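Here the structure is laid out as structure tokens; the discussion comes afterwards.
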Amino acid sequence: MKLKRRHNLSFEEADALIEKYYDGLTSGEEEKHLHEFLAQRGLPERYKAEQAIFGYFERKKHKPALNMKPVLNWASGIAAMLVIAAGLHFYTTANTKSNYAYVNGVKITKLSEVKSKALMSLNEVSATNNEVEQCFQNMTANDVVQQQLDIFATSEK
């Protein structure tokens, strides 16, 4: 088999350089020659391991860098759209009238009128003759127990 040799490195010289490489004694120039030798096609099977090692290093050197610019452009565009959508949502929902009350079946949406009606109803409750306190004072402990027993007895039937 005839090999095209781009470099004047024989198999014996290559074997010696490989041995020297594994011992860690090669110079940068010798490693370059060894790499060029191992980059040839059609080398005998005994050089496959070294070709794999140097091929691995070659792939590591020329590994393309990940370009983040398009990803960042897309991400910033999506973020801007989300901010605009959230702003529109809050702007449109903030203008709706959420304060209302029903008084005698009529919906009142004016905030000042809702407040005044609520205050009037609170005043009416507090202005009564303290009916709740009177009921508690009139009840004795035995009455409470008897009422609870009556309630439980009717719920079981």
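Between V103 and I108, the built amide H atoms are under 5 Å apart, and every one of these is 5 or more places off in sequence or on another chain. Cα-based radius of gyration for the range 11-61, normalised by 2.2 N^0.38 Å, reads 1.05.
No lab work stands behind these numbers, since they all come straight from the coordinates. Predicted model only: the values in this text are computed from it and were never measured.
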